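Here is the structure we will look at, set down as structure tokens.
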Amino acid sequence: MKHCHEFEDWARPHEGTQPNRAYYIPFAPEQDPVQAPRETSDRFVLLNGTWQMKLYDSISAVPEDFYQPEFAGLDFMEMPVPSCWQTQGLDQNQYSNVRYPIPYDPPFVPHQNPCGAYRTRFTVEQAMLGGRVYLNFEGVDNFFYVWLNGHRVGYSQVSHSTSEFDITPYLTEGENLLAVLVLKWSVGTYLECQDKFRMSGIFRDVYLLARPERHIRDFGVRTWGCEDYTRAVIQVGVAWSGGEGELEWELLDPQGSPVCRGRAAGEFTIHLEQPRFWTAETPHLYQLLLRTGQEVICQPVGVRDITVKGRQVLLNGRPLRLKGVNRHDSDPVTGFTISYQQALKDLALMKQHNVNAIRSSHYPNAPWFVQMCERYGFYLIDEADVECHGVTEVFGGGDETTFGLIAQQKEFAPLILDRVQRCIIRDKNSPAVLIWSLGNESGYGPGFEEAGRWGRDYDPTRLMHYEGSWHQTGGHVNDTSMLDLYSRMYNEPDFVRQWLENPANTKPFLLVEYCHAMGNGPGDLEDYETLFLEQPGILGGFVWEWCDHAIDGGTTADGRRKFLYGGDSGEFPHDINFCVDGLVSPDRIPHTGLKELKNVWRPVRARWLGDDIELRSTLDFVDVSQLAEYRWELQLDGVVVERGEGTLPALPPRGTARMALPCPLPHQPGRVDLRLIYLARTGSDFVQAGEELGFDQLTLRQAQRQAPAPKPGRLTVEETDAEIRVSGETFAYVLDRFTGCFKSLVWNGAQRLAGPMGFNVWRAPTDNDRKIRRVWEQAGYDRAQVRVAGCQVLEGEETAIRCELVFAASIRQPFLRCTALWRLDAAGTITLELDGVRDEAFPFLPRFGLRIKLPAGFEQLDYTGYGPQESYLDKKNACWFGRFTGTVSGEYVDYIKPQEHGSHMGCQQLRLSCADAALWAAGQQPFSFRASHYPQEALAAAAHNFELQKSDQVELCLDYKNSGIGSNSCGPVLADRYALIEPRFHMQLSFGFTSVD
Ligand code: GAL
């Protein structure tokens, strides 16, 4: 097709589209539209299905007449609509974060521009004609032309928004041919540089709406609470098409009983006494019916208002806290195309993990998704389909200089406004939307200021936010007066505290992204929660992000699922696995980070005050005691010795209450812990009665750990230049003088090591280690060698060997010096007492400890420490201190990009058994361990989980400390208190073998 260049025209983004309006589906007057699926409407014709499609590599290759009914299109393939054509094997998968995949040359795009020519036929019956028929596209990426029966209907863009065309003039009774040409790149591409796989096609529903000649075109519903929220006002304004008409309205209460009714033409107001307010905790929905005689429209109404008082955001007059996640439409098989069932799965998981808010990053979701949020109770930040992050990558550019390139270019201003209007006007009637977002990471300038002013003016009933507004570039003086919140991303808690301390900062603070959930992590959820709980000026935050993005790569020969990320499809540019950064896997299996999040966001928190328990509600609207009851477990040294259940005292929103201990403390010595496990009292949409909502563990008594008394008896010691052999009745051990560690442990006649033991400072870097990893590698931690500067058998009662150890890597000076004292007793127990001194010029250590390779068979695991899932110094809130049993295989955590996983911190004892023996370890101080069939080198070397080969052997790390996890893949650096950064440390640990019963 020649002479088609509208996709590069920034002056006319759409042709033939209807003015924006609120989302609704009209029904026939005799139908009951309340909560009815839209497919059941007589006025709704879904055109989804199998269409004909051919992908051309540029628009000039598309046949001139492809949209004509007579066009043969013999080589067209079958294409499901909706879908993304990349998921159907066409074009190329490409994951790019910040960088534009095309040259930065707006409004132009490359001539090589994949174009999908789509054709479908549908039949129209006489009954549909006579009024007006509208064709709706809910999402097409990126730019598309539409023809009906050979007539050009128009074109549109803005991928994640609805485009509606009036096709009445071109429609005929009987068969009709709809042709759509979708272009991958257009001027809109410059505004859609979101961090995601770049996919194309008609990816959301396509449908017809048959309407009478005169019909309601648009309407707005606003609500307010008044007189101390004992009353509320619902205000409705209606706009008509085809001439003003009259309507009958009726309001049903949340149970479906009529409340009031009336007649109106344009505007009307409803006054409610003792209304039931909508919140995410209480998603009460009234239903407003608008009847015109020829149609009925049903609009769910959540009565609520949102205001700002000082730096506090109030919902229905009460302080509000957002516990949010950033969610993309993403699925490994269906790409951007998300069905109702897929969305429901996400929402169910979110509810089950105490999430109350979603940011639709970074574009509006399907309109029915917004309705799901109002129905099931989620607050929404609804974000316009705008991101221009790639402007920071122009040659010579950067965040500080070119971030405002598009935001400040006047030709783009109407396009930004268009995108903001499409978002706000479509979703303006949803109570779930509390906050509008002008977009993401696009710098700042007049384009956003104008859009923000428009939005503020158009909808004074919600808050306006845009994180990019703090970027000052190009000499532009930012006007942020239309923004209600001060939004930032990834700042460390102390930054937020300092900001709040400054009285000149008057807006509520919002962390629109924080706690980057990439790989093993995030490790800082609880630290942020502490901040949120202590500071009323913070509205809350949205964890980045809900799901890992990946492409389905089939399965391996042994049945393991393959998920592919950036670079796996040979694309350029790409950003490797930076898209695999969610709380759930691509197929929605919760990661350990989500479990951590769930407990950090538990509805109630308990504190041991020494004689009783203080409970604190973290809910904003409901008394926790109505929602939850509890079970309790009393543990002595990690073992449950008593259990019971109870009901919670009355606990008003954000309030506190006291509760007595459910039972007396045991008399026996030892550590005593009480676990309170909160359970749902009644079932709700996604949470069943009795399901766990979270827990607290209160340590009621600490205990000193005693070192096991050494077993007396004579040992034989033989020394050579290379080895020290120590043997007793049941064992013969060999210490290597050149490593300072044991290379052979024969116990009860069998070799118990699969290789020499060693000291270990390295770990398979986590995604959150990706920055510090480079520093670690410069320091040489990944290739550290141990030089034994001295090694001698000590004279005395007991058998002991002292080694002086120097840790250094090729090129570098030593970073650590240790004195290790190995003490051995007649039972073959080895006690290591080690003192380490770090050179403080070096970065913190990943970990420090012993690495022991055990032969096949050491599979059964029993430990007392933080479990049952992996636990780290800063990621242990889904864990509790207790005694756990399991298997080494069960310790594997399946990260798509393999990395350190499965460690357990705060341990007192560990036992790993095979058929005839068990290795045990006990610490005089809490230690961390990791038992795995995947050595750290194998994990570090693999790019994907499906490349890993499980070893029969077991790698056991017994660590003085394993540094915390943090969220530095995008967030702040790991806090010192979680890092192995201390200049001196002491480790004491005993281990040995015992027979199994
Ligand atoms: C933010 C951005 C997100 C995502 C995240 C890193 O800067 O808004 O879209 O890229 O970083 O995963």
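The values are calculated or read from the model by the stated rules, or taken from the named source; none is laboratory data. Quantities reported herein were computed from a predicted structural model and do not represent experimental measurements. Cβ sites come from the backbone with ideal geometry, for glycine too, and all protein chains shown count toward neighbours. These accessible areas exclude ligands, DNA and RNA; they are computed on the full protein's heavy atoms, side chains included. Shrake-Rupley method; radii C 1.70, N 1.55, O 1.52, S 1.80 Å.
Quick notes on this structure:
- Of the residues Tyr190, Tyr56, Gln126, the one whose Cα sits farthest toward the positive end of the charge dipole of region 6-211, with +1 on the Cβ of Lys and Arg and -1 on the Cβ of Asp and Glu, is Tyr190.
- In loop segments of region 625-734 as defined by DSSP, the trypsin sites (Lys or Arg not before Pro) with at most 11 further C-beta atoms inside 10 Å of their C-beta are Arg714.
- Nitroxide proxy distance, nm - points 7 Å out along Cα→Cβ at Leu665 and Val837: 4.0 nm
- Between the helical axis of 340-352 and the longest alpha-carbon principal axis of the chain there is an angle of about 50 degrees.
- Taking GluC sites (Glu not before Pro) across region 687-763, the ones in a DSSP loop with at most 16 further Cβ atoms lying within 10 angstrom of their Cβ are Glu691, Glu729.
- Note on region 6-211: dipole from Cβ charges, positive end direction compared against Phe44, Pro110, Pro69; the farthest Cα belongs to Pro110.
- Global form of region 859-997, assessed from the alpha-carbon gyration tensor, a/c cut-off 1.5: oblate
- Relative contact order of region 6-211, defined on C-alpha pairs under 8 angstrom at six or more residues apart (%): 32 percent
- In a reduced charge model with +1 at each Lys and Arg Cβ and -1 at each Asp and Glu Cβ, region 215-304 shows a dipole moment near 80 debye about its Cα centre.
- Cα centre as origin, Lys/Arg/Asp/Glu Cβ charges: the chain dipole, Debye: 1640 debye
- Taking the centroid of alpha carbons for each part, region 163-197 and region 682-739 are 64 Å apart.
- Table column - 3J(HN,Hα) (Hz), region 512-519, Karplus curve with 6.51, -1.76, 1.60, x for Gly and Pro: 6, 9, 6, 6, 4, 8, 7, x
- Convex hull volume per residue, computed on the Cα atoms of region 603-701, equals 86 Å³.
- For the chain, accessible area per residue (1.4 Å probe, heavy atoms of protein chains only), Å²: 36 Å²
- In order along region 385-390, the Karplus-derived 3J(HN,Hα) couplings, from 6.51 cos²θ - 1.76 cosθ + 1.60 at θ = phi - 60°, round to 7, 9, 8, 10, 4, x Hz, and Gly and Pro are given as x.
- For region 160-246, the square roots a ≥ b ≥ c of the C-alpha gyration tensor eigenvalues yield an a/c of 1.5 or more together with a/b not exceeding b/c, which makes the shape oblate.
- Rounded if a/c under 1.5, otherwise prolate or oblate - the chain, Cα gyration tensor axes: prolate
- Nearest-0.05 FRET efficiency for Gln342 and Asn748, computed from C-beta distance (R0 51 Å): 0.40
- Nitroxide proxy distance, nm - points 7 Å out along Cα→Cβ at Thr682 and Glu642: 3.3 nm
- For the chain, the longest principal axis of the C-alpha atoms and the axis of helix 413-427 are separated by about 90°.
- For region 285-305, the residues whose amide N sits under 19 Å from a probe point set 7 Å from the Cα of Arg318 along the beta carbon direction are 285-286, 302-305.
- Shown for the chain: the carbon plus sulfur share of the solvent-accessible area, taken with all protein chains present and a 1.4 angstrom probe, equals 49%.
- Extension gain, Asp611-Phe738: 0.36 nm per intervening residue step, less the Cα-Cα distance, totals 40.2 nm.
- Taking the charge dipole of the chain about its Cα centre, with +1 at Lys and Arg Cβ atoms and -1 at Asp and Glu Cβ atoms, the residue from Pro80, Gln988, Asn478 reaching farthest to the positive side is Gln988.
- Each Lys and Arg contributes +1 and each Asp and Glu -1, all at the Cβ; summed about the Cα centre of region 764-860, the dipole is approximately 640 debye.
- Euclidean distance between Cα centres, region 878-922 to region 341-381, Å: 36 Å
- Ordering of 588-596, 96-104, 238-246 by packing is 588-596, 96-104, 238-246, highest average first (other Cβ atoms within 10 Å, averaged per residue).
- Note on the chain: helix-only mean residue ellipticity at 222 nm, from DSSP H runs of 4+ residues weighted -39500 (n - 2.57) and normalised by residue number, equals -3000 deg cm²/dmol.
- For region 490-592, the list of chymotrypsin sites (Phe, Trp or Tyr not before Pro) that fall in a loop by DSSP and count at most 15 other C-beta atoms within 10 angstrom is empty.
- Taking label points 7 Å from Cα along the Cα-to-Cβ direction, Glu798 and Arg714 give a separation of 2.0 nm.
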